[in-house]
1. Whole number in Å², please: accessible area per residue of the chain, 1.4 Å probe, ligands, DNA and RNA not counted.
2. Over the Cα atoms of the chain, each weighted equally, I'd like the Debye log10 I(q)/I(0) at q = 0.22, 0.25 Å⁻¹, rounded to two decimals.
3. Run the quick spin-label model on Asn25 and Lys55: label points 7 Å from Cα toward the beta carbon, then report their separation in nm to one decimal.
4. Suppose every Lys and Arg Cβ carries +1 and every Asp and Glu Cβ carries -1, with no other charges. What dipole size does the chain come out with about its Cα centre, to the nearest 20 debye?
5. On the protein heavy atoms, probe 1.4 angstrom, tell me the percent of accessible surface of the chain carried by carbon and sulfur.
6. Kindly state, to the nearest 0.05, the FRET efficiency for Tyr34 paired with His9, given R0 = 22 Å and r defined as their beta-carbon distance.
7. Taking the simple approach of a point 7 Å from Cα along Cα-to-Cβ for both Asn46 and Leu64, what is their distance in nm?
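The values are calculated or read from the model by the stated rules, or taken from the named source; none is laboratory data. This one's a predicted model, so the numbers in the text were calculated from it and none came from an experiment. Cβ sites come from the backbone with ideal geometry, for glycine too, and all protein chains shown count toward neighbours. Side chains included, ligands, DNA and RNA excluded: accessible areas come from the protein's heavy atoms. Shrake-Rupley method; radii C 1.70, N 1.55, O 1.52, S 1.80 Å.
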Amino acid sequence: MTARRSRKHFYRNIINQAKNYINPNGCIVFEIGYNQGGQVKSLLENAGFVNINVKQDLAGLDRLVIGFKL
(Lines give C-alpha, C1' and ligand atoms only; values in the text may rest on other atoms or scores of the structure.)
Protein backbone atom coordinates (compact mmCIF):
# COMPACT_ATOMS: atom_id res chain seq x y z
CA MET A 1 0.00 0.00 0.00
CA THR A 2 1.41 3.38 -0.92
CA ALA A 3 1.62 6.29 1.52
CA ARG A 4 -0.88 8.26 -0.55
CA ARG A 5 -3.40 5.43 -0.55
CA SER A 6 -3.02 4.78 3.17
CA ARG A 7 -3.74 8.44 3.98
CA LYS A 8 -6.92 8.35 1.91
CA HIS A 9 -7.90 5.10 3.61
CA PHE A 10 -7.30 6.71 7.00
CA TYR A 11 -9.62 9.64 6.23
CA ARG A 12 -12.28 7.40 4.69
CA ASN A 13 -12.36 5.14 7.76
CA ILE A 14 -12.69 8.06 10.16
CA ILE A 15 -15.42 9.70 8.07
CA ASN A 16 -17.42 6.48 7.80
CA GLN A 17 -17.24 5.87 11.54
CA ALA A 18 -17.82 9.51 12.48
CA LYS A 19 -21.23 9.49 10.79
CA ASN A 20 -22.41 7.24 13.64
CA TYR A 21 -21.22 9.60 16.38
CA ILE A 22 -21.76 13.14 15.10
CA ASN A 23 -25.10 14.68 15.96
CA PRO A 24 -27.20 16.42 13.30
CA ASN A 25 -25.71 19.85 12.59
CA GLY A 26 -22.48 18.67 14.20
CA CYS A 27 -19.19 18.94 12.36
CA ILE A 28 -15.99 17.08 11.70
CA VAL A 29 -12.67 18.90 11.33
CA PHE A 30 -9.47 17.51 9.85
CA GLU A 31 -6.06 19.09 9.96
CA ILE A 32 -4.57 18.22 6.58
CA GLY A 33 -1.43 18.48 4.53
CA TYR A 34 -1.21 21.39 2.07
CA ASN A 35 -2.15 19.18 -0.90
CA GLN A 36 -4.98 17.13 0.64
CA GLY A 37 -7.86 19.64 0.74
CA GLY A 38 -9.64 18.56 -2.43
CA GLN A 39 -9.30 14.89 -1.69
CA VAL A 40 -10.65 15.10 1.87
CA LYS A 41 -13.42 17.45 0.74
CA SER A 42 -14.51 14.86 -1.87
CA LEU A 43 -14.53 12.09 0.72
CA LEU A 44 -16.77 14.18 2.97
CA GLU A 45 -19.11 15.03 0.08
CA ASN A 46 -19.40 11.37 -0.88
CA ALA A 47 -20.27 10.51 2.73
CA GLY A 48 -23.15 13.01 2.79
CA PHE A 49 -21.56 15.87 4.70
CA VAL A 50 -22.56 19.40 3.66
CA ASN A 51 -21.22 22.97 3.86
CA ILE A 52 -17.70 21.63 3.46
CA ASN A 53 -14.95 24.23 3.58
CA VAL A 54 -11.22 24.06 3.12
CA LYS A 55 -9.50 26.70 5.26
CA GLN A 56 -6.01 28.03 4.68
CA ASP A 57 -3.30 28.75 7.22
CA LEU A 58 -1.42 32.05 7.52
CA ALA A 59 0.86 31.04 4.64
CA GLY A 60 -2.17 30.55 2.37
CA LEU A 61 -1.85 26.75 2.29
CA ASP A 62 -4.78 24.38 2.82
CA ARG A 63 -4.75 23.40 6.49
CA LEU A 64 -8.28 22.42 7.68
CA VAL A 65 -11.31 20.76 6.14
CA ILE A 66 -14.61 21.23 7.94
CA GLY A 67 -17.83 19.40 7.08
CA PHE A 68 -21.28 19.34 8.69
CA LYS A 69 -23.70 16.46 9.11
CA LEU A 70 -27.36 17.05 8.36
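1. On a per-residue basis, 68 Å².
2. Computed log10 I(q)/I(0) values: -0.92, -1.11.
3. 1.9
4. Its charge dipole is roughly 260 debye.
5. Roughly 49 percent, rounded to a whole number.
6. 0.65
7. Label at Asn46, label at Leu64, 2.5 nm between them.
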